[in-house]
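Worksheet: one structure, shown below.
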Amino acid sequence: MFEIEARLKTKGITTEAIVDAGMGLYVSHGMSPDEARGRLEKKILTSYQDPNVSSLLLGAILLEEELYENRNDSEIADDPVFLLSDEIIGMAIAEIIGGTYARFEFTRYDQNKPGILGELGPFLDDAVAGLIAGNTSRLYSESFAPGDGE
């Protein structure tokens with residue numbers, strides 16, 4: 001939806017880099033890292049199709065362009081403490097995908113910024129962290145659920 005995967009790619013954010021960042025803080029939950037990587041990638045690709053997730057990711061892309069990339073002396077260049085909308089977008093994405101537990105997972109990714117997260121501006125780092133957190137939270141929850149976890 002909204003060609004979100006392609007739009008992220010134009011910013012240098014590939015699905016592979018997102019999965020790599022997700023695996024950067026992976027905690028084993030009864031599946032091998034290779035299996036977890038494959039399942040996480042599939043979940044992320046599915047999340048791109050959710051209109052709510054893709055709308056928020058698009059919003060983060062546009063905000064980053066307008067308020068960060070297109071300004072020489074951006075007021076938010078250093079992700080100031082008073083900027084909360086980026087965190088809100090990230091938490092919203094996480095919760096849409098993974099529910100309340102994902103908010104706590106978002107905090108882990110937001111604070112540690114593994115992989116590509118450490119290279120992104122204030123809106124995209126939190127939006128992508130939310131995408132990862134929502135999906136890793138679901139992955140962890142499903143690994144404890146009866147059935148095949150899909």
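Here are some notes:
- Residue check, residue 123 open to solvent by less than 20 Å² (accessible area, probe 1.4 Å) and either over 18 Å from residue 29 (Cβ atoms) or hydroxyl-bearing (Ser, Thr, Tyr) (or both): yes
- Top-ranked residue of the stretch 32-52 - restricted to ones that are of a type in the set (A, V, I, L, M, F, W, C) and in contact with a Gly (Cβ under 8 Å, 6 or more places away or on another chain), ranked as farthest from residue 125 (Cα to Cα): 40
- Selection of first residues in the stretch 32-45 that are farther than 17 Å from residue 5 by Cβ and of second residues that are at pLDDT 95 or above and of a type in the set (D, E, K, R), restricted to Cβ pairs under 9 Å at least 6 apart or on distinct chains, gives the following pairs, ordered by first then second residue: 37/20.
- A Cβ distance below 9 Å, combined with a sequence gap of six or more or placement on separate chains, defines the contacts here; from the stretch 53-78, residues that are closer than 11 Å to residue 11 by Cβ reach residues that are open to solvent by 70 Å² or more (accessible area, probe 1.4 Å) and in a helix (DSSP H, G or I) in the pairs 57/7; 61/7; 61/10.
- Flag for residue 51 being over 20 Å from residue 22 (Cβ atoms), at pLDDT 95 or above and within 16 Å of the chain's Cα centre (by Cα): yes
- Members of the stretch 84-99 that are within 12 Å of the chain's Cα centre (by Cα) and aliphatic (A, V, I, L, M): 89, 91, 92, 93, 94, 96, 97
- Pair list, Cβ < 9 Å and 6+ apart or interchain, from the stretch 19-31 residues that are small (Gly, Ala, Ser) to residues that are surrounded by fewer than 16 Cβ atoms within 10 Å (Cβ to Cβ) and part of a helix (DSSP H, G or I): 21/118; 24/112; 30/143; 30/144
The values are calculated or read from the model by the stated rules, or taken from the named source; none is laboratory data. What you see is a predicted model, and the numbers here were worked out from it, not measured in a lab. Virtual Cβ from ideal backbone geometry, glycine too; neighbours counted across all protein chains shown. Calculation scope for accessible area: heavy atoms of the full protein, side chains included, ligands and nucleic acids excluded. Shrake-Rupley method; radii C 1.70, N 1.55, O 1.52, S 1.80 Å.
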